[in-house]
Each structure stands twice: as structure tokens, then as C-alpha cells.
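To start, the structure itself, in C-alpha cells.
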Amino acid sequence: MTADRMVAHLRDQAAACRRLGSPLYAELLARVADDVEAGGPAADVLRGHEQDPGPSALGLRLMGGVHRLVLERRAPELAATYPSVGGTGDAVAAWPALRALLARDREELRGWLDQPPQTNEVGRATALVGALHHLVAQRPGPLRLLEIGASAGLNLRADRFRVELGDGRSAGPRDSPVVLRNAWQGVLPPLDVTLEVVERLGCDDAPVDPTTTEGRLLLTSYVWPDQSERLERLRGALELARELPATVEQSGAADFLDRVHLVEGTTTVVWHSVMWQYLDHAERGRVRRRLDRLGDSATTTTGLAEVSMEPRRRSAGSAHEFLVVLRVWPGGGERVLGVAAPHGLPTTWE
């Protein structure tokens, strides 16, 4: 992107943050865009990234680096305004502190721009759990849960999260540290099923270990600091990750699936959420062909399913929606189960 396109991207990201409930980031990213236009310290930090594609989320990469400094107590003036560490949430007061930080820690913040945001969004498990309920109602039995683009693999523990419906009903363990509140709307998935996950395995180009201090800091840094419920869900999932192992391999999605084989007596579930856009055309084709080949070997006792929550169009002229889609082999075909909010909650079932 040119400098003008970079500014436009930052303003678009600011507007998206406002729509998604982060007034702090909405204001700060708008101020960053103004500062880039004025040739201020934000322009120095972002210089060289004018050609970054819009989906690379340049603004969120920058803010993730800033949040990391706040979490490490290395930016006390800005921390006073960041709710994630007890601050006020006052975006107007935050901007002078952020601008000073951009000038002071220019090189360190530039380093954060070279890695994609590692947002292991726990709320998206809302869509996964409901889809698994639909699947098990159709194909009872043990599940192998595999995730491509898994980040830290937090959602590989989704069957141990509690989904609350807002009417007194719930799904999942009542003592779970992760509570997905008011998670489901519409025509609800079957509640009278039991999820039995016998294997948890994922892949990511840059996996994060959620059991380490570094991993926890990295994941927290990419959660928007004025979104307390997202932070609460993440902290609960980090607690659960220390108790329940899951393996995330460093691998591309297609290479990972090339090593996957179906297991007799189980249904293998391949799950992905808001990662398809980061795969190039060739990689997408390889993933599709591998799933089709695995599906050709599926039987009534050795099943395969794909669960996805990705921005898709229902038809050529329709708007993008975060559709929750279930595809089942053998013979089940593909079905749109519902539509989710970008961070997963709520998911409206159809």
C-alpha cells in the first residue's frame, strides 16, 4: 500500500474496532493515521510497510506490540489508560502517551510489524462447540479434533468450555474456567449429546506455547485491552491449557493434513476459523484436495468432518458473513449451520 493507502487502512481498522466494541483502539488507530499523515513518530515506525496487504492487519500488529510493552509494565503512562492492567480506558488521555512511546521504542515496535497477529480467539469456540453438537447428533462416537491455523491450540479444548444460553441452560462442564456467555441464538444445536474428544492436534506456521510466560504474554498482547470479556475468556483458556495437553505442530496446513489419516471407530474433525484468507491459492487447493482424498476413504465407522468459521458469501452477490459450515464424509455433504460474529459470540444457528 502507498502511504495514502496505509492511512486509509488504519482508518478502516479504526472503524472496524469501533464496530466491534473497542472505542479505545478506534480512537488510537485514528490518531495513528493522523500522525502518519503528519509525518510524526507513527510514520517512522510504519515506514517500509506501505506495500503490506490490507488483510495483514498492520494496525493490529502495531497495537499488539504496544500492548506487550504495557503488559510488561514498560509503558506506565500508557498503562494508566489501558483497562487490561487496571487503567481508565480514556483514549484521549492515552494518545499523548502512545505517541511518546512510538518515538521512544521505535525499533522494538518495528520488530512487531514483521509477525502476523496471534489472536487465538477463544470466543470462536462458540461456533465449533455448536457444530460438534450437530455432528455428534448425526454421527455419535469419539472425535479426533484437528485444527489448522491453530495458533496456541486453545480451541482444541473447546469441549471443556461451558456455553451459557442466557435462559438457564448450558452445555459443557459447569466448573469450566472458560464461560461463553449468551453464546447461542436461533435454532439451537442439539443439547442432549456428549462430546468425547480422544485426540487434540493442530498446526500453525508459528505456534505459541500457552503454558509459558512468553506464550501467555504474546496471546494477551493481541487482545484489545478494553474488551474485558475477551480477556476473561483468554485467561480461562490459558488456565485450562496448563491442565489439558494439546499438540500444535509447526507446519503449513497442507503439509499437516498430508500426514493425517483417519482412525477406525472415530470421526476426525478438521476445524479452522478466520485463517483461510491467509492461505494462498495453491495452499487452499492442496487442503481441499487432501480433504477430498481423506473423505473418499471415510466409512460409516471411520468418519471425517470439516468445521469452518470463515468470512464467506452465500452467493455471488451477497455480503460476506462469518458462516459456520459443516461438511461430513461419507455422504453428508456441506451444510451452513449458522452465522457468527467475528469474535464468535453470539453464533446464530439456522
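The values are calculated or read from the model by the stated rules, or taken from the named source; none is laboratory data. Note that the coordinates shown come from a computational prediction; the quantities given were computed from them, not determined experimentally. Note: ideal-geometry Cβ built from the backbone for every residue, glycine included; neighbour counts use all protein chains shown. We work out accessible area using only protein heavy atoms, side chains counted, and drop any ligands, DNA or RNA first. Shrake-Rupley method; radii C 1.70, N 1.55, O 1.52, S 1.80 Å.
Taking all protein chains together and rolling a 1.4 Å probe, TRP349 ends up with roughly 10 Å² accessible. Look at where the Cα atoms of segment 283-325 and of segment 21-84 average out, and the two centres are 35 Å apart. Determine the shape class of segment 83-144: with a ≥ b ≥ c the square roots of the Cα gyration tensor eigenvalues, call it rounded for a/c under 1.5, and otherwise prolate if a/b is greater than b/c, oblate otherwise. Cα axes put segment 83-144 in the prolate bin. In units of the compact-protein estimate 2.2 N^0.38 Å, the chain shows a Cα radius of gyration of 1.02.
Thinking of segment 295-334 as a set of Cα atoms, what percent of all their pairs are more than 15 Å apart? The answer is 50 percent, as a whole percent.
The spread of Cα positions in segment 216-311, taken along each principal axis and listed from longest to shortest, comes to 46, 33, 23 Å. Under the convention that each Lys and Arg Cβ holds +1 and each Asp and Glu Cβ holds -1, the size of the dipole of the chain around its Cα centre is about 460 debye. For PRO76, the shell of other residues with beta-carbons less than 14 Å away shows a net charge of 0, using +1 for Lys and Arg and -1 for Asp and Glu.
A 1.4 Å probe over all protein chains sorts THR213, THR299 by accessible area into THR213, THR299, starting with the largest. Measuring nothing but protein heavy atoms, the accessible surface of segment 183-326 at 1.4 Å probe radius is 49 percent carbon and sulfur. Bridges between two residues of the chain, per DSSP, are antiparallel at a rate of about 45%. Taking all protein chains together and rolling a 1.4 Å probe, HIS261 ends up with roughly 120 Å² accessible.
Largest first, the residues ASP292, ASP204 sort by 1.4 Å accessible area into ASP292, ASP204.
Among ALA94, VAL187, MET63, which residue has its Cα positioned farthest towards the positive end of the charge dipole of the chain, with +1 placed on the Cβ of Lys and Arg, -1 on the Cβ of Asp and Glu, and the dipole taken about the Cα centre? Of the options given, the answer is VAL187. The alpha carbon centroids of segment 91-157 and segment 170-205 are separated by 17 Å.
The mean of 1/r over all pairs of different alpha-carbon atoms in segment 165-237, once inverted, gives a Kirkwood hydrodynamic radius of 15.1 Å. The magnitude of the dipole of segment 82-226, with charges of +1 and -1 set on the Cβ of Lys/Arg and Asp/Glu and taken from the Cα centre, is near 260 debye. The Kirkwood radius of segment 12-96, taken over pairs of alpha-carbon atoms, gives through the Stokes-Einstein law at 25 °C and 0.890 mPa s a diffusion coefficient of 184 µm² s⁻¹.
Radius of gyration (Cα atoms) of segment 57-207, expressed as a multiple of 2.2 N^0.38 Å: 1.34.
Take every Cα-Cα pair in segment 47-110 and report what % of them are more than 17 Å apart. In whole percent, the long-distance tail amounts to 41. Largest accessible area first, the listed residues HIS320, HIS49 line up as HIS320, HIS49 when surface is computed with a 1.4 Å probe on the assembled protein chains. For every other residue with a beta carbon closer than 10 angstrom to the beta carbon of VAL208, add +1 if it is Lys or Arg and -1 if Asp or Glu, then tell me the sum. Residues close to VAL208 contribute a combined charge of -2. Taking the DSSP bridge list for segment 233-350 and keeping only pairs wholly inside it, about 75 percent are antiparallel. For q = 0.22 Å⁻¹, what log10 I(q)/I(0) does segment 136-271 give under the Debye formula with an equal point scatterer on each alpha carbon and no solvent? At q = 0.22 Å⁻¹ the computed log10 ratios are -1.39.
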